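What follows is a single structure, written as C-alpha cells, with notes after it.
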Amino acid sequence: GAVVSQHPSWVICKSGTSVKIECRSLDFQATTMFWYRQFPKQSLMLMATSNEGSKATYEQGVEKDKFLINHASLTLSTLTVTSAHPEDSSFYICSARGGGVEAFFGQGTRLTVV
Amino acid sequence: SQELEQSPQSLIVQEGKNLTINCTSSKTLYGLYWYKQKYGEGLIFLMMLQKGGEEKSHEKITAKLDEKKQQSSLHITASQPSHAGIYLCGAGKDDKIIFGKGTRLHILP
C-alpha cells in the first residue's frame, strides 16, 4: 500500500509554544488529507479535512485558530498546534487519500505539553 | 449524525481460538472500513466493504457486511499473538472516515 509519513513521532514542548506536525504522502499525490486526535484508550476523533490549495474544513468543536492546518502541496499537510497547553497533549494522526476510496494513515505523533 | 458501535470493547482469547468483532451503524453504510492499530502507532488498513452481503478475506481475517448495510463483522480464525491490537471500524461519510471506539484484542499464549 501507499506510504504516509508523519513527523515527528513524538514531541515535548513547553506550555505556550507552538508545535508543527508534518504529514507527507511519499509515493502518491494526496488530494485530501485528514487530521485525527486520539485520547488514551479512545477512538480517533476527526479534527479536520484539508484539500490541496484550499482552506481546511474543521469538525464541530475544533478551534481552527488553535489547530492551524495547511495543505500547500499534493504531498504535504501540516498541523500547527498554537499556544499549546497541557490539555492539548494527545496522539495526533494524519491520513491521506489519493483518487481512490482507501485512506492511508501516518504512524502518528505523540504530543506532550509540559 | 452517524454513530458506530463496536462490540465487544475488549476481548481476551487464547492463542489458536477464533473470534468475532462486530460493528453496528445507526445509518446505512456506504463504505465500511476495518483498520488495525498497535498501541501508540498508526493504523493499518485491513479491508473495505461497500456492497450489501459483501465478504472479503485476507490471510486469517474475514470481514462481512450485512445485506442491509448496517452491520459488519470481523472474524479471525486461529488467532495468533500478531493479531493483538485495537481493531477499528470506520464509516465512509462524504469524503471522510468516522471511527467507532474500537475493540482491544489481547491474545494469551
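The values are calculated or read from the model by the stated rules, or taken from the named source; none is laboratory data. Note that the structure is predicted; figures quoted are calculated from it, not measured. FYI the Cβ positions are ideal-geometry reconstructions off the backbone, even for glycines, and counts take in every protein chain you see. Note: accessible area is taken over every heavy atom of the protein model, side chains too, but ligands, DNA and RNA are not part of it. Shrake-Rupley method; radii C 1.70, N 1.55, O 1.52, S 1.80 Å.
Annotations for the structure displayed:
- Of all residues in the stretch B:46-62, those that are within 13 Å of B:Ala78 (Cα to Cα) have Cβ atoms under 9 Å from Cβ atoms of residues that are of a type in the set (D, E, K, R) and surrounded by 12 or more Cβ atoms within 10 Å (Cβ to Cβ), 6 or more apart or on another chain, in B:Ile61/B:Lys36; B:Thr62/B:Glu55; B:Thr62/B:Lys56.
- Breaking point among (1) open to solvent by 50 Å² or more (accessible area, probe 1.4 Å); (2) basic (Lys, Arg); (3) more than 13 Å from the chain's Cα centre (by Cα), for A:Arg97: (1)
- Qualifying position, being among the basic types (Lys, Arg) and modelled with pLDDT of 95 or more, among A:Lys55, A:Lys66: A:Lys66
- Taken over the stretch B:10-38, the residue count meeting the criterion of being of a type outside the set (Val, Ile, Thr) and over 19 Å from B:Ser82 (Cα atoms) is 10.
- For B:Leu49, the requirement of being crowded, with 21+ Cβ neighbours inside 10 Å, among the hydrophobic types (A, V, I, L, M, F, W, C), under 21 Å from A:Ser43 (Cβ atoms) and within 14 Å of the chain's Cα centre (by Cα) is met.
- Some residue of the stretch A:100-114 being over 30 Å from B:Trp34 (Cβ atoms) and touching a Lys or Arg at 6+ places or on another chain (Cβ under 7 Å): yes
- Enumeration of residues in the stretch A:46-95 that are touching a His at 6+ places or on another chain (Cβ under 6 Å) and either closer than 15 Å to A:Gln6 by Cα or in contact (Cβ under 8 Å) with a residue 24 or more places away in the chain (or both): A:Ser50, A:Ser77
- Qualifying positions in the stretch B:3-46 - at the interface with chain A (Cβ under 10 Å from one of its Cβ atoms), of a type in the set (S, T, N, Q) and under 10 Å from the mean Cα position of the chain (by Cα): B:Gln6
- Test: residue in the stretch A:15-25 that is surrounded by 13 or more Cβ atoms within 10 Å (Cβ to Cβ), part of a strand (DSSP E or B), among the small types (Gly, Ala, Ser) and within 12 Å of chain B (Cβ to nearest Cβ): no
- Strands (runs of 3 or more DSSP E) fully within the stretch A:35-114 counting 2 or more residues that are more than 13 Å from every other protein chain (Cβ to nearest Cβ): A:67-73, A:76-81
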